[in-house]
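**Q** Submitted below is the structure of interest, expressed as C-alpha cells.
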Amino acid sequence: MKLPCLLQPRILKEAMRALIKGPYTSKFPYKPHHPPEHFRGKPEYHKEDCIGCAACVQVCPSGALNSEDKIENGKAMRFLAHRLDLCIFCGQCQANCPTEKGIVLSREFDLATTGKREELAQAIEKELVLCGFCQEIIAPYDQIIWVAHKLGPMAFSNASLMLLYLEDKALAEIKGLADKDISGLRSDRFRILCPKCRREAVLRS
C-alpha cells in the first residue's frame, strides 16, 4: 500500500530539514538575490574588449544579436546590437568570443520592464578598415590590431597588418595611402588592401 505523500520518508525528511534550517527559497524581491558565480544572466558587450568580429552574431541561435555595416563619406562603421527580448541566455556568444571578454554573461537576471521592447537592447559601434583601392570592407580595426598582437613579429609578413600595427603604435602614418588605381609599382604592396586587390598588386608589380 502506498503511503500518502506527506507520510513518505523522503518527504518527511525534507519537511523536517526545512523546519530546522528554514526555507530553501530566497526573499526576492524584498531582499536582493545574489546568483552563483556561473549563473547565465544578461549578456553585456564590453566595448573596450570587443573587437567587432561579429562571431557572436553568427552563433546566436535566437537571432538576438545582429550587426550592420555602414559606409558614409569614406568612413565605415559596424553596429552590433543585442536584444534582450529575444535572448535565451544560452551563452554561445560568450563561448565563441575570440577575446573571451567582448561579450560576457553577467549575473543580472531581474530584467522585467513595462516599457518598450527597444529599451531592452544594447548597442556598440566599431570602426571598419576599408581597402585602399576598391574601398571594400576588410575587417574591424580592433580585430586587425588584436590579430597583429596575437601574431607578434609574424604580423610583419603582411603589409596591411604591419601598417595598421605601426599606426596603432604611433610609428607610422597611413592616411593618404588610399588611391583609385593600382599603378603596378612595388610600393603598391605597402598599402591597406583587401586580399583580391593585394593579389592584383603583386601580379602587376
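The values are calculated or read from the model by the stated rules, or taken from the named source; none is laboratory data. Since this is a predicted model, take the numbers as computed values, not measurements. So basically every Cβ, Gly included, is an ideal-geometry build from the backbone, and we count neighbours across all protein chains shown. These accessible areas exclude ligands, DNA and RNA; they are computed on the full protein's heavy atoms, side chains included. Shrake-Rupley method; radii C 1.70, N 1.55, O 1.52, S 1.80 Å.
**Q** Round to the nearest 10 and give me the degree value, 0 to 90, for the angle of helix 141-151's Cα axis relative to the longest principal axis of the chain.
**A** For 141-151 against the chain, the angle is about 90 degrees.
**Q** Of the listed values (1) 54, 18, 15; (2) 27, 26, 18; (3) 30, 20, 15, identify the label whose number matches semi-axes √(5λ) of the Cα gyration tensor in Å calculated from this model.
**A** After the calculation, the listed value that fits is (1).
**Q** Can you find, among Tyr165, Gly115, Ala139, the residue sitting farthest towards the positive end of the charge dipole of the chain, where Lys and Arg contribute +1 and Asp and Glu -1 at Cβ?
**A** Most positive-ward Cα: Gly115.
**Q** Starting from the Cα-Cα distance between Ala159 and Thr25, subtract it from 0.36 nm times their residue separation and give me the gain in nm to one decimal. Walk me through the numbers on the way to the answer.
**A** Working: separation 134, 0.36 × 134 = 48.24 nm, distance 5.98 nm.
Result: 42.3 nm gained on full extension.
**Q** For the chain, with all protein chains present and a 1.4 Å probe, just round the carbon and sulfur fraction of the accessible area to a whole percent.
**A** Working: 7810 of 14070 Å².
Reported share for carbon and sulfur atoms: 56 percent.
**Q** Please determine, in degrees from 0 to 90 and to the nearest 10, the orientation of helix 195-204 with respect to the longest principal axis defined by the Cα atoms of the chain, where the helix direction is its Cα long axis.
**A** Helix 195-204 sits at roughly 20 degrees to that axis.
**Q** Let me ask another. If you fit an axis through the alpha-carbon atoms of helix 159-168 and take the longest principal axis of the Cα set of the chain, what angle between them do you get, 0 to 90°, nearest 10?
**A** Orientation of helix 159-168: about 70 degrees from the principal axis.
**Q** Dipole size in debye (nearest 20) for the chain around its Cα centre, Lys and Arg Cβ +1, Asp and Glu Cβ -1?
**A** Values: 30 positive and 25 negative charges, 195 e Å.
Taking the Cα centre of the chain as origin, the dipole is about 940 debye.
**Q** Just list whichever of Lys47/Lys75; Lys70/Lys169; Lys42/Lys70; Lys42/Lys126; Lys150/Lys196; Lys21/Lys116 have alpha carbons separated by over 31 Å in the model shown. Don't skip to the end; give the middle numbers.
**A** On the way: Lys47/Lys75 19 Å; Lys70/Lys169 27 Å; Lys42/Lys70 27 Å; Lys42/Lys126 22 Å; Lys150/Lys196 24 Å; Lys21/Lys116 42 Å.
The answer is Lys21/Lys116.
**Q** Once the piece of chain linking Arg17 and Leu111 is laid out straight, how much longer is it, given 0.36 nm per residue of separation minus the C-alpha distance between them? Spell out each step's value before the answer.
**A** Numbers: separation 94, 0.36 × 94 = 33.84 nm, distance 3.27 nm.
Stretched out fully, the Arg17 to Leu111 stretch lengthens by 30.6 nm.
**Q** Continuing with this model, one more query. Taking springs between alpha-carbon atoms closer than 10 angstrom, which of Pro61, Pro43, Pro140 fluctuates most in the Gaussian network model of the chain?
**A** The residue with the greatest mean-square fluctuation here is Pro61.
**Q** OK, next. At a Förster radius of 22 Å, what calculated FRET efficiency corresponds to the Cβ-Cβ distance of Ile137 and Ser62, to the nearest 0.05? Can you show the working numbers first?
**A** Numbers: r = 26 Å, r/R0 = 1.19.
So, using R0 = 22 Å, E works out to roughly 0.25.
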